[in-house]
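Student: Right, I'll just put the structure down here and ask away after.
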Amino acid sequence: MIERRDILRIAGAAAVAGAAGSAGGVIAAHRTARPAIGVQLYMLRELLAKDVEATLAAIARIGIRHVEFAGYHDRTPAQWRALLKANDLTAIGAHGLYPDMRDEQIAAAIDFGAAIGLEWLVAAVPRLPGLTLPVTEESFRAATHRITADDLKATAERFNRIGERVKAAGIRFAYHSHGFDFRRYDGRYGLDIILDRTDPALVALELDIGNTIAAGIDPAPYLAPGGRTRLAHVKDWHAPYTPSLDDMPASAPAGEGSIAWRPILAALERARVPYVFIEQEGIDPANALNLLARNYRYLQREMK
């Protein structure tokens with residue numbers, strides 16, 4: 001079950017637009033190798049849609065200090081800076097770049113992120129052939145199945161160009177992984193084709209650890225010291241489930257599901273990944289803050 005309906009909508013709009021025609025700089029050094037724990041705000045999208053101010057205050061009360069955007073909820077960069085400052089929060093990055101966006105759309109996204117002061121801008125999907133509006137879960141899935149090796153090569157080339165523009169604005173660019181990135185093309189994972197054909201100085205990896213494991217893939221090779229993973233998403237799954245490139249299992253708070261987190265968290269530290277973001281999907285919005293707190297308490301305890 002694909003949960004990212006907002007991303008599907010935006011990706012579809014970008015695909016149609018493409019067919020028709022900050023200032024954080026280098027990652028700041030951390031005092032220790034332990035990643036900072038944040039939240040991907042997609043997890044709280046329904047709460048934010050109702051009350052941005054109250055939701056940010058609730059995040060801060062939990063103890064979280066870092067957030068990653070998945071939409072800006074009709075606020076300007078100046079409004080976001082004020083809201084973040086009022087709640088002692090730092091926005092690290094945002095999802096919102098797509099390979100089929102027009103150049104002017106890319107420029108607008110970069111300018112918006114730079115005005116907030118983001119360190120990172122992230123692309124959540126590769127090129128999705130044949131995806132048109134209206135986007136549904138079914139049409140999105142069908143588009144991921146139509147991806148060819150040539151589409152991935154074209155995605156990598158586009159990501160290099162986007163990465164150049166993001167870097168010029170003093171920000172960094174990353175690609176966020178999903179289960180379908182582990183479909184094989186002549187024996188190679190799609191994700192590896194993208195990584196091999198992108199410049200490490202321009203395109204990093206935001207490894208979604210939960211998506212990787214749900215696909216039946218060991219995340220360890222992507223968490224090697226000196227590797228491409230600079231950001232990570234943390235999700236856990238209830239067992240039993242059948243690994244799938246398309247479907248997500250039933251979600252659980254980190255430490256309450258089936259994933260053995262200790263070796264993964266140790267690998268994140270060894271790799272000096274600066275940030276990890278909690279993102280539990282498929283949840284009741286009324287329970288989202290409670291689940292966020294349970295995820296955070298577990299990670300905070302295990303990463304001491």
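Student: Using the Karplus equation 6.51 cos²θ - 1.76 cosθ + 1.60 (θ = phi - 60°), what ³J(HN,Hα) coupling, rounded to whole Hz, does each residue of region 234-249 give in order, writing x for Gly and Pro?
Tutor: Karplus-based 3J(HN,Hα) across region 234-249 equals 10, 9, 10, 10, 6, 9, x, 7, 9, x, 8, 7, 10, 9, 8, x Hz.
Student: Determine which lysines satisfy two conditions relative to residue 167: a Cα distance under 28 Å, and not lying fewer than 8 residues away in the same chain.
Tutor: 85, 153
Student: Please list, ordered by chain and number, the residues whose modelled amide H lies under 5 Å from the amide H of residue 275; skip anything fewer than 5 residues away on the same chain.
Tutor: The list, which skips near neighbours in sequence, is 36, 232.
Student: Give me a comma-separated list of calculated 3J(HN,Hα) values for region 139-145, in order, Karplus coefficients 6.51, -1.76, 1.60 applied at θ = phi - 60°, integers in Hz, x for any Gly or Pro.
Tutor: 3J(HN,Hα) across region 139-145, in whole Hz: 5, 5, 4, 4, 5, 5, 6.
Student: For residue 115 paired with residue 137, estimate the spin-label separation in nm (one decimal), with each label point 7 Å from Cα along the Cα-to-Cβ line.
Tutor: 3.5 nm
Student: Can you list residues whose amide H is under 5 Å from residue 236's amide H, if they're 5+ apart or on another chain and H is modeled 1.01 Å from N?
Tutor: HN-HN under 5 Å from residue 236: 252, 254.
Student: Please work out the Cα center distance from region 68-83 to region 178-216, rounded to the nearest Å.
Tutor: Comparing the Cα centres of region 68-83 and region 178-216, I get a distance of 29 Å.
Student: Can you give the accessible area of residue 238, probe radius 1.4 Å, in Å² rounded to 10?
Tutor: Accessible surface of residue 238 is approximately 80 Å².
Student: What is the extension gain from residue 60 to residue 160, computed as 0.36 nm multiplied by their sequence separation minus the C-alpha to C-alpha distance, in nm to one decimal? Don't skip to the end; give the middle numbers.
Tutor: Details: separation 100, 0.36 × 100 = 36.00 nm, distance 3.55 nm.
Extra length available between residue 60 and residue 160 comes to 32.4 nm.
Student: If you don't mind, another one. Of all accessible surface on region 106-220 at a 1.4 Å probe, what whole percent is carbon and sulfur? Please report the intermediate quantities before stating the final value.
Tutor: On the way: 2160 of 4180 Å².
Here carbon and sulfur together make up 52 percent of the probe-accessible area.
Student: Another question, then. Could you give each residue of region 291-304 its phi-based ³J(HN,Hα) in whole Hz, using Karplus coefficients 6.51, -1.76, 1.60 with θ = phi - 60°, and x for Gly or Pro?
Tutor: 5, 4, 5, 5, 4, 5, 4, 5, 5, 4, 5, 6, 9, 5
Student: Counting heavy atoms of the protein chains only and a 1.4 Å probe, report the per residue accessible area for region 157-304 as a whole number of Å².
Tutor: Working: 5880 Å² over 148 residues.
That works out to 40 Å² per residue.
Student: Please report the net charge: other residues with Cβ closer than 12 Å to the Cβ of residue 115, K and R +1, D and E -1.
Tutor: Numbers: positive: 75, 81; negative: 111.
Value of the local net charge: +1.
Student: If you take every DSSP beta bridge fully contained in the chain, what fraction is antiparallel? Give it as a percent rounded to 5. Intermediate results must be reported in sequence, preceding the final value.
Tutor: Working: 4 of 34 bridges.
If we restrict to bridges inside the chain, about 10 percent are antiparallel.
Student: Ordered by packing density, taken as the mean number of other Cβ atoms within 10 Å over each peptide's residues, highest first, how do 276-286, 201-211 rank?
Tutor: 201-211, 276-286
Student: Classify the chain from the C-alpha gyration tensor, please: rounded if a/c falls under 1.5, else prolate or oblate depending on whether a/b exceeds b/c. It would help to have the intermediate numbers written out before the result.
Tutor: Working: a/c = 1.29, a/b = 1.11, b/c = 1.16.
It is rounded, given that a/c, with a ≥ b ≥ c, falls under 1.5.
Student: OK, next. Rolling a 1.4 angstrom probe over the protein chains, ignoring ligands and nucleic acids, what is the accessible area of residue 103 in square angstrom, nearest 10?
Tutor: Near enough 80 Å² of accessible area.
The values are calculated or read from the model by the stated rules, or taken from the named source; none is laboratory data. Keep in mind that this is a model prediction, so the values were computed, not measured. Every residue, glycine as well, gets a Cβ built from its backbone with ideal geometry; the counts of neighbours run over all protein chains shown. These accessible areas exclude ligands, DNA and RNA; they are computed on the full protein's heavy atoms, side chains included. Shrake-Rupley method; radii C 1.70, N 1.55, O 1.52, S 1.80 Å.
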